[in-house]
Amino acid sequence: MAKIGDGPLNLEQSQAALSWFLDHWSKFGFGPGLVFEKDGDQAIGICGFKQLKLCGELVYDLGFMFQKPHWGKGYATEISRTLLSDGFSTLGFSEVHAHTEKMNLASKKVLSKVGMRYVKNFERNAKDHELWVITASEFVNPDFPR
């Protein structure tokens, strides 16, 4: 990935992240995965659900991250809608959370476009973040009816 957290990951950090992803898949049957363009063979991002603790509560967290050349192409919105549909209809989630750094206007725009609503500010890893949520009953996606 172009950037995760405070910068590119070194080999040891990449191996730890991959191990965490595989362990998450093994425990829960879902987790982050790579994103490819339809006709491409190079990964352009990572997206998926993680079960993690946010603001003291164990939640299903929607996440997406794309390499900078692929920002602004609608991929995050498209995949978020698809993931939310799958999370509610297939995985049986009653609600999904997302969090983003407070200054990340593009991610907040995506979360709003897919119907999520802002809940509150909080601090994570010494940075200001926002918590967002959507419930199954609030989710509307004409491309993926429930």
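Read-outs throughout are calculated quantities, based only on the coordinates presented, and are distinct from any laboratory measurement. Because the structure is predicted, anything quoted here is derived from the model rather than measured. Cβ sites come from the backbone with ideal geometry, for glycine too, and all protein chains shown count toward neighbours.
Here is a list: Phe49, Phe64, Phe36. Which entry is within 21 Å of Leu9 (Cα to Cα) and surrounded by fewer than 16 Cβ atoms within 10 Å (Cβ to Cβ)?
Values: Phe49 fails: surrounded by fewer than 16 Cβ atoms within 10 Å (Cβ to Cβ); Phe64 fails: surrounded by fewer than 16 Cβ atoms within 10 Å (Cβ to Cβ).
One residue alone meets the criteria, Phe36.
Residues that are among the aliphatic types (A, V, I, L, M) and loosely packed, with under 11 Cβ neighbours inside 10 Å: does the stretch 98-108 have at least one?
Looking for residues that are among the aliphatic types (A, V, I, L, M) and loosely packed, with under 11 Cβ neighbours inside 10 Å, one finds at least one in the stretch 98-108, hence yes.
Name the pairs whose Cβ atoms lie under 9 Å apart, with the first residue in the stretch 94-108 and over 16 Å from Lys127 (Cα atoms) and free of Cβ contacts under 8 Å to residues at least 40 places away in the same chain, the second aliphatic (A, V, I, L, M) and surrounded by 15 or more Cβ atoms within 10 Å (Cβ to Cβ), and 6 or more positions between them or separate chains?
Between residues of the stretch 94-108 that are over 16 Å from Lys127 (Cα atoms) and free of Cβ contacts under 8 Å to residues at least 40 places away in the same chain and residues that are aliphatic (A, V, I, L, M) and surrounded by 15 or more Cβ atoms within 10 Å (Cβ to Cβ), the close pairs are Ala106/Ala76.
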